[in-house]
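To start, the structure under review is shown below, and the notes come after it.
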Amino acid sequence: MAAVLAGELRPITDPVLVVATARAAHLIAGVPFDEAEADRLAVASAHVSALIDAARQADDRAPRAVPVPRFPSQDHSADQPPSAERARPAAEPVILDAYFTTRRPSRRRARMAGIVGGLGALVIAAAGTTLILRDREPQQAEQPAADAECGLGATGIDIIENTPQLFDDDEATRLSPTLDFDQMNGSARYARHQDRTYYWGRAGSDDHDPRSGGARVRWSTPEGPWRSCETVLAQNERGYAHTPAIATTIGEKPVTVQVCLWRDDPRRENCTAEISNGR
């Protein structure tokens, strides 16, 4: 707790440390810790990772030459930040564009948000505040190689093509935040099927200003390339277009997944953080 408040994010971003803590807490409490619970924690952690990325990018966008505004205050000690610092407005959510959303360098992958609600909320708030206030050097995005075809290396029911026939969106768990932007709306979801966890995405468009686009789910094993499974949304489609559902283990190897929503004209794409759990 002290380390996180001091700006050290390892206690909430190191999966080994967080999983060990969660399992130990369940063991002490005499409560089972099953794979479904681990999946839920991994999704919560993905949300934390997205918040961390947004905070870093807000820092990078801030002009370095503009001084921090200072307002009159009383009795500020040398190590006490002025009230203007504490009252600085939070950065607005960031819509990420095109391939630059998929592979940012030096990103720390957070997996677990914690198992105690109150403690977890405090840790997340402290981590986000620390990242916004800390000075960081801008990072330059890299252009990744093109994704391989969807089914490369998959067999059997590793990939489920007919997602709406096997999964009910309303009964699945939706990741937050959604992928909505402008006229496009969509989300990433996950559910269990035959003792396996599957992720998929869906895409839709506003009725009053319909646009074409689609959704895709990207996946990769530790040593393999990224593969992309996409589904196109026609401009006259008033329902949702669903991507194939991807299992979190393929060929007995853990899989990292990422779900994206795009619009054709003008081209724009919004993606979730990369989710690595291998459950």
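The values are calculated or read from the model by the stated rules, or taken from the named source; none is laboratory data. The shown structure was predicted, so the numbers you read here are calculated from the model rather than taken from an experiment. Every residue, glycine among them, receives a Cβ derived from its backbone with ideal geometry; neighbour counts consider all protein chains shown. Accessible surface is based on the protein model in full, side chains and every heavy atom, while ligands, DNA and RNA are left aside. Shrake-Rupley method; radii C 1.70, N 1.55, O 1.52, S 1.80 Å.
A few comments on the model shown:
- Tensor-based shape of region 188-234 (alpha-carbon gyration tensor, a/c under 1.5 rounded, otherwise prolate or oblate): oblate
- Estimated distance in nm for a label pair at Asp180 and Ala145, the labels positioned 7 Å out from Cα along Cα-to-Cβ: 3.8
- Within the accessible area of region 179-279 (1.4 Å probe), percent carbon and sulfur: 43
- Convex hull volume per residue in cubic angstrom - Cα atoms of region 150-279: 103
- For region 141-182, the alpha-carbon coordinates run over 37, 35, 16 Å along the three principal axes, in decreasing order.
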